[in-house]
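Have a look at the structure below before the remarks.
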Amino acid sequence: MELVNWIRGQVESGKFLPGQKMYSENELKEKFRLSRQTVRHAISVLESEGVLVRRQGSGTYINDRRQTNLKNKTRISVVTTYVDGYIFPKTIQGIENILFENGYSVQIAFTNNQIGRERTILEDILSRDEVAGVIMETTKSGIPNPNLALYEKLQAKGIPVLFINSYYPLLPIPHVSLNDKMAGYKAAKYLLDCGHRKIGGIFKLDDGQGHLRYAGYLEALKEAGMEEDDSHIIWVDTVGMMNLEECRDMILNRFGSCSAVVCYNDQIAFEFVQVLEKEGIGVPEHISIVSVDDSELTVLSDVALTSIPHPMDRLGEKAALNLLQMIENPAFDATYEFEAQIVVRDSVRILDGRQ
């Protein structure tokens, strides 16, 4: 009982941490001057109480009750910005398929890319304390976010959190996404390879993906020996991308001398084409376009858009699999970025006779 009480005290005081390996039987035998049989009996008592857990071939460990509790819970919270966008239904379906196969139910919520809504959802998850993990799409990850402390509270409770599509740079939380910097690079690189030299860009200001795609765009220009021109860049936020027509004058002024434009995504590219058509500016004869996502919007315009695919359902499946790994092993590195590829259609004109 002296040994039992000593180990209990070390655990309660935090000197022995959950998941930490316990002294071997020989070490305890020498430390307390007890027989091996007495040491084994003490360990058996603590094992029956759930304080210690014996792992065959490895040793005895302080029981990580947090992980035991997570494994006993069967609900995963999945939070995305929207439900009706062209990316989200397939991504959510990919997540659900994997989690259902592994015996988990899914609780779905949507932030509408609003920080206040994100805060309400996080507070609800924390108050219920019934989920085994959280798959979360960040809200306006390109600007400072006041909700970061709530994510830290989730982590302090031992609840695994995995971001999808983007991440908050100030939080050490893994993410599964498209390699957005590579996407911006490949979009600009393709236009350069087709002979274009004055290449503009429309990027999203309040989401981290927009910043990364812009960084890739700049890298491609620099690699080609060209300097960026800020007057050929337009930044839009979540509201602005829904009403690109309001940027008509800016579009005509900033892209007047450009032969090509990189668009943040297919939605912006589609709206951009509508603005150009109203002004009698043809795609690709007057201006070429490359976008990102490769959604159904690429074929809804009169000219099919060259675009870089978003992994959608594959991203959802990968996120679910990686979260399950995090539940089993908190030290698992769950970050994964899909490589960017380009799907060539009709929205890019080849200049200088290049093929």
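The values are calculated or read from the model by the stated rules, or taken from the named source; none is laboratory data. Computed from a predicted structure; not experimentally measured. Neighbour counts run over all protein chains shown; Cβ positions are idealised from the backbone, glycine included. These area figures cover heavy atoms from the full protein model, side chains too; ligands, DNA and RNA do not enter into them. Shrake-Rupley method; radii C 1.70, N 1.55, O 1.52, S 1.80 Å.
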Check your understanding: With every protein chain present, what accessible area does residue 138 have (1.4 Å probe, heavy atoms only), rounded to the nearest 10 Å²?
Key -> 10 Å²
Review point. Say we join alpha carbon atoms closer than 10 Å with springs in a Gaussian network model of the chain; which of 39, 262, 78 then has the biggest fluctuation?
Key: 39
Practice item. State whether the range 173-218 is rounded, prolate or oblate according to the following rule on the C-alpha gyration tensor (a ≥ b ≥ c being the square roots of its eigenvalues): a/c under 1.5 gives rounded; otherwise a/b larger than b/c gives prolate, and the remaining case gives oblate. Key: oblate
Exercise for review: Excluding residue 276 itself, calculate the net charge of residues whose Cβ lies under 12 Å from the Cβ of residue 276, where each Lys or Arg counts +1 and each Asp or Glu counts -1.
Suggested key: -4
Exercise for review: Kindly state, to the nearest 0.05, the FRET efficiency for residue 253 paired with residue 155, given R0 = 51 Å and r defined as their beta-carbon distance.
Suggested key: 0.65
Check your understanding: What figure in square angstrom, to the nearest 10, would you give for the accessible area of residue 120 with a 1.4 Å probe?
Key -> 70 Å²
Review point. For the range 244-302, what is the charge dipole size about the Cα centre, in debye to the nearest 20, if Lys and Arg each add +1 at the Cβ and Asp and Glu each add -1 at the Cβ?
Key: 280 debye
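Would you tally the net charge around residue 316, using a Cβ to Cβ cut-off of less than 12 Å, leaving residue 316 out, and scoring K and R as +1, D and E as -1?
Spelling it out: positives minus negatives among the neighbours equals -1.
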Practice item. Report the one residue of 106, 134, 172 whose Cα lies farthest in the direction of the positive end of the charge dipole of the range 66-199 (charges on C-beta: Lys and Arg +1, Asp and Glu -1; origin at the Cα centre). Key: 172
Revision key, fill the gap. Of the listed pairs 204/278; 73/204; 90/222, those with alpha carbons more than 28 Å apart are 73/204; 90/222
Point to revise | Phi to ³J(HN,Hα) by Karplus 6.51 cos²θ - 1.76 cosθ + 1.60 over the range 184-197, Hz, x for Gly, Pro | key: x, 5, 5, 5, 5, 5, 5, 5, 4, 5, 8, x, 7, 10
**Study point:** Sequence-separation-based contact order of the chain, relative, with Cα cut under 8 Å and 6+ spacing, percent
**Key:** 17 percent
Review point. Each label point is 7 Å from the Cα along the Cα-to-Cβ direction; what then is the distance between the points at residue 61 and residue 193, in nm?
Key: 4.7 nm
Study note, to complete from the structure: Most fluctuating of 30, 277, 137 in the GNM of the chain (C-alpha, under 10 Å) is 30
Point to revise | Sequence-distant residues sharing a close amide H with residue 338 (under 5 Å, placed H) | key: 177, 178, 179
Review point. With every protein chain kept in the model, how would you rank 58, 141 by accessible area, 1.4 Å probe, largest at the top?
Key: 58, 141
Exercise for review: Starting at the first residue of the range 109-126, write each ³J(HN,Hα) from the Karplus equation 6.51 cos²θ - 1.76 cosθ + 1.60 with θ = phi - 60°, in whole Hz, x for Gly and Pro.
Suggested key: 9, 9, 8, 6, 6, 10, 4, x, 5, 4, 4, 4, 5, 5, 4, 5, 4, 5
**Study point:** Candidate residues 285, 227: accessible-area rank, largest first, probe 1.4 Å
**Key:** 227, 285
**Study point:** Cβ charges +1 (Lys, Arg) and -1 (Asp, Glu), total dipole of the chain, debye
**Key:** 1880 debye
Check your understanding: Residue by residue, what Karplus-based ³J(HN,Hα) values in Hz, rounded to whole numbers, does the range 156-166 have, using 6.51, -1.76 and 1.60 with θ = phi - 60° and x for Gly and Pro?
Key -> 5, 7, x, 8, x, 10, 10, 8, 10, 6, 7
Point to revise | Long-range amide H partners of residue 308 with built H, under 5 Å | key: 291, 292, 293, 294, 343
Study note, to complete from the structure: Sorted by chain and number, the residues with a modelled amide H under 5 Å from that of residue 107, at a separation of 5 or more or across chains, are 76, 77, 78
Exercise for review: Any chance you could run the full-extension gain for residue 231 through residue 105? It's 0.36 nm times the residue separation minus the Cα-Cα distance, nm to one decimal.
Suggested key: 40.4 nm
**Study point:** Shape parameters for the chain, alpha-carbon atoms, Rg then Dmax in Å
**Key:** 26.6, 92
Exercise for review: If a/c stays under 1.5 just call it rounded; otherwise compare a/b with b/c (prolate if a/b is bigger, oblate if not). Do that for the range 98-186, with a ≥ b ≥ c from the square roots of the Cα gyration tensor eigenvalues.
Suggested key: oblate
Review point. For residue 304 and residue 170 in the same chain, what is the full-extension length gain: residue separation times 0.36 nm, less their Cα-Cα distance, in nm?
Key: 44.4 nm
Practice item. For an R0 of 45 angstrom, estimate the FRET efficiency from the Cβ-Cβ distance between residue 114 and residue 47 and round to the nearest 0.05. Key: 0.40
